[in-house]
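Laboratory data are not the source of any read-out in this text; all were calculated from the coordinates shown. Every value quoted in this text rests on a predicted model; they were computed, and no experiment measured them. Because the Cβ atoms are built from the backbone with ideal geometry, glycine has one as well, and the counts that use them run over all protein chains shown.
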Amino acid sequence: EIHAEVQLKNYGKFLEEYTSQLKRIEDALDDSVGDVWDFSLDPIALKLLPYEQSSLLELIKTENKVLNKVITVYAALCCEIKKLKYE
């Protein structure tokens, strides 16, 4: 019974420390979320965007040839819609 009380106190202390750590992390992230890039402080910036070099036909490969054709048509239509959206 005494051992259980000690473990319960240790668990309570752990939860308090963990909660305070999470709060500090949350506060640190909140400060940086609104930061805007300032050219005068940091003149170099990198813009990293993912770029897929594979074609649709390379990405769509299953054992079912009919399914391959259907998926290819839908994927091509999605690409066309995306292009037309900006025109």
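Within a straight-line Cα-Cα reach of under 30 Å, K13 can be paired with the following lysines, leaving aside sequence neighbours fewer than 8 residues apart in one chain: K23.
So for the pair V66, Y18, with labels modelled 7 Å out along Cα→Cβ, what separation do we get in nm? About 5.3 nm, to one decimal.
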